[in-house]
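What follows is a set of notes on a single structure, which appears directly below.
Each value in this text was obtained by applying a stated rule to the coordinates, not by laboratory testing. Everything quoted here is computed from the prediction, not taken from an experiment. Heads up, the Cβs are rebuilt from the backbone with ideal geometry, glycines too, and the neighbour counts pull from every protein chain shown.
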């Protein structure tokens, strides 16, 4: 395994290593969504404060050479978050106290940024200009309230035709996208209230869901699924788990940790 150095720190074996880039046999300090489709580049963001303003900065790093090009994103109260390093550019989100407030698209070569949509609470990219959005269904008689009502619904937003459709709704719950299967179906965590068990589901379409695991059967810390031809790999402090439609959720390793890429 090759080490990678970032800002003078060796990242191999540290908690900063999040993804294994097979294209260059390198460990990277970002998650899978922040790596270009061909594995050549990765992106990260930070925030630089001075006496005049707080400025958001986007960095694009060449994996092979380590060259880090920084783009000044302007004055923002909160830093950008990399949502998806896609073929058409780098999708970024900015937020406020209530959650994600805008989706931006940056040219990773020039640094030019444009606002794609001001839709709030975009949770994940499904690829091909499709995004999963957290929403609050106003008919919920018992919404869970944090800073405002928390999402109890997942919508599918298609930027190609501008359509937005409800994909899943669970009253009295909070719903969040935590990953996708190999076909692009969202994997969601559904947390209930008043003793209702947590569920992990795959949303096949607006009318069809597959249960991954539920309630007390959920291993502590189960999270961060990465999908390949074998299914969806989950990590936990207890070991590695594999979910497939045919076999369900099975523990496949006692090694604690979280997947850094799929399995060959």
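Listing for the model above:
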{"item": "Packing-based ranking, highest mean first, of 200-209, 60-69, 176-185 given that Cβ atoms within 10 Å are counted", "result": "176-185, 200-209, 60-69"}
{"item": "Near-label residues of the stretch 206-237 by backbone N, under 19 Å of a point 7 Å along Cα→Cβ of residue 22", "result": "225-235"}
{"item": "Cβ crowding within 10 Å averaged over residues, with 121-131, 152-162, 106-116 ranked highest first", "result": "121-131, 152-162, 106-116"}
